[in-house]
Amino acid sequence: MDEPIVTLRALTLVGLLGCVVVVSVVLYSLMNNQTLIVFCTLGQSDGTYIRINNSIDIVINAGSDRKMLDCLGKYMPFFDRTIEFAILTGPQKDMSAGFLPLLDRYHIEKFTINRYVATSTTTQDLLKKVSEKHIPLFIEPRIQPLQIKNLALSFVPFLIINTIPSEQSNPKMSFIKISNHGLKDYLTPAFLPLADNAVIVISCTPCKEVVELLEASHKKYLRTNQGNDIVFRIPR
């Protein structure tokens, strides 16, 4: 009788090799203590993913559709299904709607919003789903600065991320994320001193006034609407 094309031995070897690969990936993820900051490419939407010291996951805004799930799928370990902090900074659909599919995939331990989100008609389906899943909801007049381990977050309303160096770590780094909303009142020449030596990331579209202001002030910037996620890895 002819030998089967695929033998039991071959299948066993393939299975063992697959197990070795999976275990290697998990061990590498567990041993990697970097802080990861990802400004996701979501078209005209806004979403940021942060993983602090390879243990604490934060999502700040989640875009308008399922693209935020794709971003998390690329950077968040596949075996981790818990987001410790979800933060929604505005009621607009291009920040909030992406949390609906995200809630179906991940467990969220804490959800923080401001009072404008709480009273907006555009976010009621989202808030209902948060309530149904018994996720602790924190409503603040204005989202307060947040410090977790070696990272400090501020909302003014654009996102400012500062690393907090230890004695053995790299020098302090700052990131400023600018999206569509809140620019008229906040993005003025008085803002520019905040941007000294910071990495500026833009997710607004078309951003003409923002770009003109930054270029006139000789500030360098990156844009999330040019096809690739913007990723920073910060050693512990």
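Quick note: the coordinates plus some simple rules give every number you see, no bench work behind them. Fair warning: this is a prediction, and the values are worked out from it, not measured in the lab. No Cβ is skipped: glycine too gets one built from the backbone with ideal geometry, and neighbour counts run over all protein chains shown.
Mean sequence separation of contacting Cα pairs (under 8 Å, at least six apart), scaled by the length of region 33-234, corresponds to a relative contact order of 20 percent. Here the Karplus relation 6.51 cos²θ - 1.76 cosθ + 1.60, evaluated at θ = phi - 60°, turns the backbone of region 39-45 into coupling constants of 9, 6, 7, 10, x, 8, 8 Hz, with x for every Gly and Pro. Label-to-label distance for K208 and R105 is 3.5 nm, based on points extended 7 Å past Cα in the beta-carbon direction. Subtracting the Cα-Cα distance of E215 and N53 from 0.36 nm times their residue separation leaves 54.9 nm of extension gain. Strictly over 24 Å apart at the Cα level, which of K93/K133; K93/K220; K74/K219; K128/K149; K93/K219 would you flag in this model? Going by Cα-Cα distance, K93/K220; K74/K219; K128/K149; K93/K219 fall outside the 24 Å limit. What percent of all Cα-Cα pairs in region 33-234 falls into each 5 Å bin, going from 0 up to the bin containing the maximum distance? Pair shares across the bins are 1, 7, 17, 21, 21, 17, 10, 5, 1, 0.
In this structure, the amide hydrogen of L222, modeled 1.01 Å from its nitrogen in the peptide plane, lies closer than 5 angstrom to those of I200, V201, I202, counting only residues at least 5 positions away or on a different chain. Peptides 42-51, 215-224 ranked from most to least packed give 42-51, 215-224, packing being the mean of other C-beta atoms within 10 angstrom over each peptide's residues. Annotation: amide H of I83 within the under-5 Å range of H107, I108, E109, sequence separation 5 or more or interchain, hydrogens built in the peptide plane.
Here the label points at S120 and R142, each 7 Å from Cα along the C-beta direction, are separated by 1.8 nm in the simple model. Between N225 and F191, how high is the FRET efficiency from 1/(1 + (r/R0)^6) when r is the Cβ-Cβ distance and R₀ = 30 Å? Nearest 0.05. Result of the calculation: an efficiency of 0.90.
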